[in-house]
Amino acid sequence: MRNTVLTDRAKRLRAEATRVEGLLWGRLRNRQLGGWKWRRQVAIGRYIADFACVEALLIIELDGGQHSDANIYDERRSENLAQMGWRVMRFWNHEVLADIGAVCDQIYRSCGSEAPSPNHLSRGGEG
């Protein structure tokens, strides 16, 4: 059974998205970035990822000023997610605001190439 507390928190975070999250989501949603499917504020293990692409096993985290004091936690979190097979990319909010195109280019390159066909996915045929 899923952790309903975590799932409820993820739903609340989606409803209360920051301006920067909304800007990046506008570029990721509906497979706009190379055909890759993204989810936002999704529970993965005991964490909530800002954005996750199951097809590429890639998580994007947006960090504001509050994260400058959370380096140790963020590193441990990224290590735990890596043990589950995920890669984590972090961007500061000001990077997204200053040049969202460059951020999207980095994300796209990290995905590897064009998205795999939904018919060839081995993770439940998501698409």
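Nothing in this text is a laboratory measurement; each read-out follows from the coordinates by a stated rule. Note that the coordinates shown come from a computational prediction; the quantities given were computed from them, not determined experimentally. Backbone-built Cβ (ideal geometry, glycine too); neighbour counts: all protein chains shown.
How would D74, D63 line up from fewest to most surrounding beta-carbon atoms within 10 angstrom?
Arranged by neighbour count, lowest to highest, D74, D63 become D74, D63.
Under 5 Å between amide hydrogens, which residues at least 5 positions from V88 or on another chain qualify, with H placed 1.01 Å from N in the peptide plane?
So V88 has HN proximity to I59.
Of the listed values (i) 14.3, 43; (ii) 28.6, 76; (iii) 16.0, 56, identify the label whose number matches Rg and Dmax of the Cα atoms in Å calculated from this model.
The value matching this structure is (i).
Report ³J(HN,Hα) in whole Hz for each residue of the range 32-43, in order, from the Karplus equation J = 6.51 cos²θ - 1.76 cosθ + 1.60 where θ = phi - 60°; Gly and Pro get x.
Whole-Hz 3J(HN,Hα) from phi for the range 32-43: 6, 9, x, x, 7, 8, 10, 10, 10, 6, 10, 6.
Alpha carbon centre of the range 78-106 versus the range 25-68: separation in Å?
Going from one Cα centre to the other spans 8 Å.
Counting only helical runs of four or more DSSP H residues, what would the 222 nm mean residue ellipticity of the chain come to if each run contributes -39,500 (n - 2.57) and the total is spread over all its residues?
It comes out at -12500 deg cm²/dmol, rounded to the nearest 500.
How much length is gained on full extension from E16 to S110, taking 0.36 nm per residue of separation minus their Cα-Cα distance?
31.1 nm
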